[in-house]
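Have a look at the structure below before the remarks.
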Amino acid sequence: MAQHQHQQKQQQLENVLRSDFVWGYATAAAQIEGAWDRDGRGPSIWDTLAHAGGKIKDASTADEATRSYDFYKQDVALLKQLGVTAYRFSLSWSRIIPLGGRQDPVNQLGIQFYNNLIDELLANDIVPFVTLFHWDVPQALEDRYGGMLDQVQYTPDFVRFATLCFEQFGDRVKNWITYNEPGVFSLAGYAAGVHAPARSSDRSLNESGDSSTEPFIVGHTELVSHAIVVEIYRRQFKPVQGGQIGITLSGNWSEPWDAEDERDQAAAERTRQFDIAWFADPVYRTGDYPQCMRDQLGDRLPRFTTEQSKLVLGSSDFYGMNSYTSFYVKHRDSSPDINDHKGNVDILDHNKQGVRRGSQSDTYWLCTSPWGFRKLLNWIWQRYQVPIFVTENGTTVPGESKITHVTANSLHDTFRINFFTSYLDALAHAVAEDGVDVRAYFGWTFCDNWEWAAGYTDRFGVVFVDFDTPEKKRYVKKSAYVVCDIFNRLIK
Ligand code: GAL
């Protein structure tokens, strides 16, 4: 069926992005570093989940991952070769404070590793963008008090970790991200129970948890602790260090299933708000959750105190935007399920006319849908009016996960080339024609890596990794060169 109906031929734009636009690739510590128990590192909830077995698709662990802990110098050299001007990576909390808590000892070898990485990047003129938290809560904090479920105990521990990082790295790191995708962390870890710490109401899947309350409690903890950390950075560090700090939110575009039906239009908007405004409204717009969430969730949605609300509103210098795909959304006539987190809708692959949302990747939820990316950039810009940094965007390629050894052919990732070409085209048009203020872009991701519950079966990299070799040999895919060419054309 008219699968590509959305993709219109548009004129190729040039020199439409700011001259100070930065671009590169994003990674996360747990997905690449390996060395999970070396040089004093403590375990995180993801090490525990993988080692317990049964939850990772290929039964793998991240014990080695891409071994970037060992090969960071080669990785920086490779990033340089790919032409990037920036690199987004995350810090492993339990490498820096193995037990995680505010009174627990600091691991100097962990600090040393990140100092080395930061220095290597700067020596190569690559700007570091550092994420404090990309899903890897120290296991000791999970054991002590249930991690983020206990906002009172957790917050000072996160504050101490963040403050230590500003002290140690802030002389050279000028771009900070507190949390990566608080929504996905909450929903996948506490509603679906498929990510660490693997909690949900479904007793056939998880031993404990409550999908109807815990995701919202955890989301609240993330928002409040984020805001406290930002206030500290702005007061104590920014005057001297002069950097910027913000949060990265996940969000995909929701399009009405029947564009003519007001109930589907309302449903799509409600889903955007459950998906995105859940975190973005408190931070950028109102200091509170969207009304449609309060209406559906009632007291299961926590409330901000006046003080928290003031702290949260305005607590991000930029909009960190992670986006991959788009969905069709159809209203439901029934009343919402207690475990619903999407605004009581059906999420579909086709619209009323049978048009598919895009070409299917190797990842079940991910279809190439640049048409929605442009709409989403506009929706975010109009609703929040802060500069957008795209902090993640990318795809897997059909069949690529089955390739274990590299051949010249397997590095010709045409599907990924089409993805990046069409999304960057959408971005350029959003900037040039719609006036959206976009200042940075990070592709997901640099090397193929350990893709959480999918293990090594989802290859998202612009660099192929041969996981069977002891040194996790890297081979550049064609898309990496295409992305570089596109930015050379687009940036003034
Ligand atoms: C994001 C996440 C990344 C990566 C990506 C692809 O949600 O932040 O770590 O896994 O999805 O699935």
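The values are calculated or read from the model by the stated rules, or taken from the named source; none is laboratory data. A quick note: this is a predicted structure, and the numbers were derived from the prediction, not measured. Cβ sites come from the backbone with ideal geometry, for glycine too, and all protein chains shown count toward neighbours. Note: areas computed on protein heavy atoms with side chains; ligands, DNA, RNA excluded. Shrake-Rupley method; radii C 1.70, N 1.55, O 1.52, S 1.80 Å.
Looking at 170, 110 in this structure, which one is closer than 27 Å to residue 452 by Cα and either out of contact with any strand residue (DSSP E or B) (no Cβ under 6 Å at 6 or more places or on another chain) or free of Cβ contacts under 8 Å to residues at least 60 places away in the same chain (or both)?
Working: 170 fails: closer than 27 Å to residue 452 by Cα.
Of the residues listed, the single one that is closer than 27 Å to residue 452 by Cα and either out of contact with any strand residue (DSSP E or B) (no Cβ under 6 Å at 6 or more places or on another chain) or free of Cβ contacts under 8 Å to residues at least 60 places away in the same chain (or both) is 110.
For the condition under 21 Å from residue 68 (Cβ atoms) and either more than 16 Å from the ligand (Cβ to nearest atom) or buried (at least 22 other Cβ atoms within 10 Å of the Cβ) (or both), what is the one hit in 476, 438? If you could, list the steps in order and put the result at the bottom.
Numbers: 438 fails: under 21 Å from residue 68 (Cβ atoms).
None of the other options fit; the residue is 476.
Within the stretch 93-147, considering only helices (runs of 4 or more DSSP H) that don't extend past its boundaries, which have at least 1 residues that are open to solvent by 30 Å² or more (accessible area, probe 1.4 Å)? Lay out the reasoning, then the answer.
On the way: elements: 93-96, 108-123, 139-145.
The qualifying helices (runs of 4 or more DSSP H) are 108-123, 139-145.
Note down all Cβ pairs under 6 Å where the first residue falls in the stretch 436-455 and is at positive phi, the second is away from the ligand (no atom under 12 Å from the Cβ), and they're at least six residues apart or on different chains.
Here the result reads 455/56; 455/57; 455/58; 455/60, each pair linking the stretch 436-455 to a residue that is away from the ligand (no atom under 12 Å from the Cβ).
Could you list all residues from the stretch 161-205 that are part of a helix (DSSP H, G or I) and touching a Gly at 6+ places or on another chain (Cβ under 8 Å)?
Going residue by residue through the stretch 161-205, those that are part of a helix (DSSP H, G or I) are 161-169, 182-190.
Across the stretch 161-205, the qualifying residues are 161, 182, 183, 186, 190.
Checking residue 374 against (1) under 22 Å from the mean Cα position of the chain (by Cα); (2) open to solvent by less than 60 Å² (accessible area, probe 1.4 Å); (3) within 27 Å of residue 288 (Cβ to Cβ), which test does it fail?
Checking residue 374 against (1) under 22 Å from the mean Cα position of the chain (by Cα); (2) open to solvent by less than 60 Å² (accessible area, probe 1.4 Å); (3) within 27 Å of residue 288 (Cβ to Cβ), the one that fails is (3).
Could you list, in sequence order, all residues of the stretch 177-226 that are more than 16 Å from the ligand (Cβ to nearest atom), touching a residue at least 24 places away in the same chain (Cβ under 8 Å) and among the acidic types (Asp, Glu)?
214
Filter the stretch 34-54 down to the residues that are open to solvent by 10 Å² or more (accessible area, probe 1.4 Å) and in contact with a strand residue (DSSP E or B) (Cβ under 9 Å, 6 or more places away or on another chain), then identify the one that is farthest from the ligand (Cβ to nearest atom).
Per the criteria, the residue is 43.
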